[in-house]
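Below is one structure; the comments refer to it alone.
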Amino acid sequence: MNTEPNSPLGVFDSGVGGLTVVRALRELLPNESIIYLGDTARVPYGSKSPDTIRRFSVEDAQFLISRGVKAVIVACNTATAHALPTLEATFRLPIIGVLEPGVEATLADPACQRVGIIGTAGTIRSCAYQHGLAMRRPDLQIHAVATPLLAPFVEEGWVDQPSTKMVLREYLKPLIERGIDTLVLGCTHYPLLVPAIRRVLGQKVRLVDSALTCAAHVKVRLEALNLLRTAKSKPALEIHLTDLSEQFENLARQFLNADFGKVKKASLV
Ligand code: DGL
């Protein structure tokens, strides 16, 4: 366990999606340094088996821990759904996932009745959201749809292309037909698709993005453990990718609007 408050936070995802969590962390905890790992060589995780997702997640966390992080944020729903207990059992430092915050953010509006969930095939198959929601609100009508093409579209930077909307229309059709009032964006890549989702779904349906609630969870954990960064120097932001990608860098610069220097190539061993 690293008890040095001035150490960075470690955040990982299969690719660009976890940057939605980084953005929320920087908003809520602007004094924290962050090391981000995107496993771009092996994205997408959503179509892999639970065993493979667990193995990848342990390697990702190991990489961050070897760089001296004080906590690991699993900024990937697929990895959270399949690997969180393994990570918690393997490493002795705070590990925070996005699923529980997602459930909490969904239930924050007590008026919700018909909830749609979209996520990778792995996340939807795990039933983690469905169980998390049903356990606390057994009266909810829950409709979950696997939307495996969406993360690759986002990785490609195709966030608002006509083809993206075509795919979204197809995926969201059964949810629109069921009259959902809330849509859980059960993959950290999907907040990048919000303008396109809005165009297909309209303005009335509430969209739930777990990034901010996840950042709030991180804040509470750091406060409780006296791990909030106290240094007065400018916090650092480092990005490591298992496969360097210009596409990723462009998206990251647009999306984060922050200086993260040169993206580094990570090798996970
Ligand atoms: N961003 C990831 C998630 O939240 C997964 C995308 C993928 O690699 O399939 O599930």
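Some observations on this one:
- Selection count, the range 193-210, where residues are in a helix (DSSP H, G or I) and touching a Leu at 6+ places or on another chain (Cβ under 8 Å): 7
- Some residue of the range 6-14 being within 16 Å of the ligand (Cβ to nearest atom), within 22 Å of Lys70 (Cβ to Cβ) and surrounded by fewer than 22 Cβ atoms within 10 Å (Cβ to Cβ): no
- Being open to solvent by 10 Å² or more (accessible area, probe 1.4 Å) and under 17 Å from the mean Cα position of the chain (by Cα) is a description that applies to Ala128.
- Extreme residue, least open to solvent (accessible area, probe 1.4 Å), among residues of the range 237-268 that are acidic (Asp, Glu) and part of a helix (DSSP H, G or I): Glu249
- When the residues of the range 81-96 are filtered to those that are open to solvent by 10 Å² or more (accessible area, probe 1.4 Å) and within 12 Å of the ligand (Cβ to nearest atom), the one that is nearest to Met135 (Cα to Cα) is Ala81.
- Pro152 vs. criteria open to solvent by 50 Å² or more (accessible area, probe 1.4 Å) and within 15 Å of the ligand (Cβ to nearest atom): yes
- Within the range 169-192, the residues that satisfy the criterion of being assigned to a helix (DSSP H, G or I), open to solvent by less than 30 Å² (accessible area, probe 1.4 Å) and away from the ligand (no atom under 16 Å from the Cβ) are Leu172, Leu175.
- Identity of the residue in the range 29-54, among the charged types (D, E, K, R) and either assigned to a loop (DSSP other than H, G, I, E, B) or under 18 Å from the mean Cα position of the chain (by Cα) (or both), that ends up farthest from the ligand (Cβ to nearest atom): Glu32
- Criterion: closer than 21 Å to Thr147 by Cβ and out of contact with any Lys or Arg (no Cβ under 9 Å at 6 or more places or on another chain) - qualifying residue of Ser49, Ser66: Ser49
- Listed by first and then second residue, the pairs with beta-carbon distance under 9 Å, at least 6 apart or on different chains, first residue in the range 53-80 and among the aromatic types (Phe, Trp, Tyr), second part of a helix (DSSP H, G or I), are Phe56/Ala79; Phe56/Ala83.
- Candidate set: the range 106-122, residues that are outside any strand (DSSP E or B) and not hydrophobic (A, V, I, L, M, F, W, C); chosen: the one nearest to the ligand (Cβ to nearest atom): Thr120
- When we screen Val72, Val103, Val145 for residues that are farther than 30 Å from Leu244 by Cβ and assigned to a strand (DSSP E or B), the only hit is Val145.
- Among the criteria (1) modelled with pLDDT of 95 or more; (2) in contact with a strand residue (DSSP E or B) (Cβ under 8 Å, 6 or more places away or on another chain); (3) open to solvent by less than 70 Å² (accessible area, probe 1.4 Å), the one Asp209 does not fulfil is (1).
- Every residue from the range 15-28 that is within 16 Å of the ligand (Cβ to nearest atom) and part of a helix (DSSP H, G or I): Leu19, Thr20, Val21, Val22, Arg23, Ala24, Leu25
- Selection count where residues are in contact with a strand residue (DSSP E or B) (Cβ under 7 Å, 6 or more places away or on another chain) and open to solvent by 20 Å² or more (accessible area, probe 1.4 Å), scope the range 217-236: 2
The values are calculated or read from the model by the stated rules, or taken from the named source; none is laboratory data. Keep in mind that this is a model prediction, so the values were computed, not measured. Note that we place each Cβ from the backbone using ideal geometry, even for glycine, and neighbour counts take in every protein chain shown. Note: areas computed on protein heavy atoms with side chains; ligands, DNA, RNA excluded. Shrake-Rupley method; radii C 1.70, N 1.55, O 1.52, S 1.80 Å.
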